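To start, the structure itself, in structure tokens.
The values are calculated or read from the model by the stated rules, or taken from the named source; none is laboratory data. Every value quoted in this text rests on a predicted model; they were computed, and no experiment measured them. All Cβ positions, even for glycine, are placed from backbone atoms using ideal geometry, and neighbour counts span all protein chains on display.
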Ligand SMILES: [Fe+2]
């Protein structure tokens, strides 16, 4: 079993600060090299989130976790997950060393491949990590790839990313905000109540509670151009969460060509992460802003 030697190509700002970006691309999941501690970290995080998420995460996510058998004990094998995934929606996990350059990441998504960091955090990092690890990528992102509509959305996002990359950095920033506020930090309004679907939330104990229960952040109805024009926070929990009605709404909203939207947004100033637009926002909850630091948006 070989592991690739990571080669840093640049640093990238993420929700946890500046992290190295690697050019190693796809590796084989070195499953036999996981230590007992690694497996215990997975089991601890898995158990903790599974106790917390029923009634908080959307049913599609919980169904996905159950169908993959992610809690069978120890770190799952990607090859076994891929068997389930391939027959359900045609997606495939690929193991990677870490964050990838944008165009490489988009190309994977556009071809229904989801890159998953193969390594897992240390026991002392259960609540804080500077770059996405296996638990975030696998537990957070992969269960929803079993949902056909969400699976199509992710592929469409990859195709949109390749286009935005060709248009320029501003378009890419607009598209990055869309990923941030949906795939990573999205909420969904269901007949049973507000639920989480974003991977950044479901993989975090603290934000799984904060995103739904705290008075501090705004919860605002999803609007494509609004989301693309809203800055975000990488150093704290979010100041605004955008709420979709359904995955169909998300997929339909992102079906048109974004080129004219990018052009329009170039003419306007971005909104701050904590802004509420009284005239146009569909407001579920206007946040108290308690504890918000000013001027730290990305
Ligand atoms: Fe993520």
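A few remarks follow.
- Residue 210 falls short of the stated requirement of being within 16 Å of the ligand (Cβ to nearest atom) and crowded, with 16+ Cβ neighbours inside 10 Å.
- Single unsatisfied condition, residue 143 versus (1) surrounded by fewer than 18 Cβ atoms within 10 Å (Cβ to Cβ); (2) within 16 Å of the ligand (Cβ to nearest atom); (3) modelled with pLDDT of 95 or more: (1)
- Residue 95 being out of contact with any strand residue (DSSP E or B) (no Cβ under 8 Å at 6 or more places or on another chain) and either within 13 Å of the ligand (Cβ to nearest atom) or more than 21 Å from residue 196 (Cβ to Cβ) (or both): no
- Only residues that are more than 13 Å from the ligand (Cβ to nearest atom) and in contact (Cβ under 8 Å) with a residue 60 or more places away in the chain were counted in region 120-140, giving 8.
- Filtered by the rule that a residue be farther than 21 Å from residue 298 by Cβ and in contact with a helix residue (DSSP H, G or I) (Cβ under 9 Å, 6 or more places away or on another chain), region 176-208 gives 188, 190, 192, 193, 194, 195, 196, 197, 202, 205, 208.
- Boolean, residue 194 is closer than 26 Å to residue 134 by Cα, away from the ligand (no atom under 16 Å from the Cβ) and either modelled with pLDDT under 95 or not in a helix (DSSP H, G or I) (or both): no
- Residue selected from region 160-171 under the condition free of Cβ contacts under 8 Å to residues at least 60 places away in the same chain and within 8 Å of residue 106 (Cβ to Cβ), by the criterion nearest to the chain's Cα centre (by Cα): 161
- Members of region 197-207 that are within 15 Å of the ligand (Cβ to nearest atom) and part of a helix (DSSP H, G or I): 199, 200, 201, 202, 207
- Residues within region 165-191 that are assigned to a loop (DSSP other than H, G, I, E, B), more than 16 Å from the ligand (Cβ to nearest atom) and touching a strand residue (DSSP E or B) at 6+ places or on another chain (Cβ under 7 Å), tallied: 0
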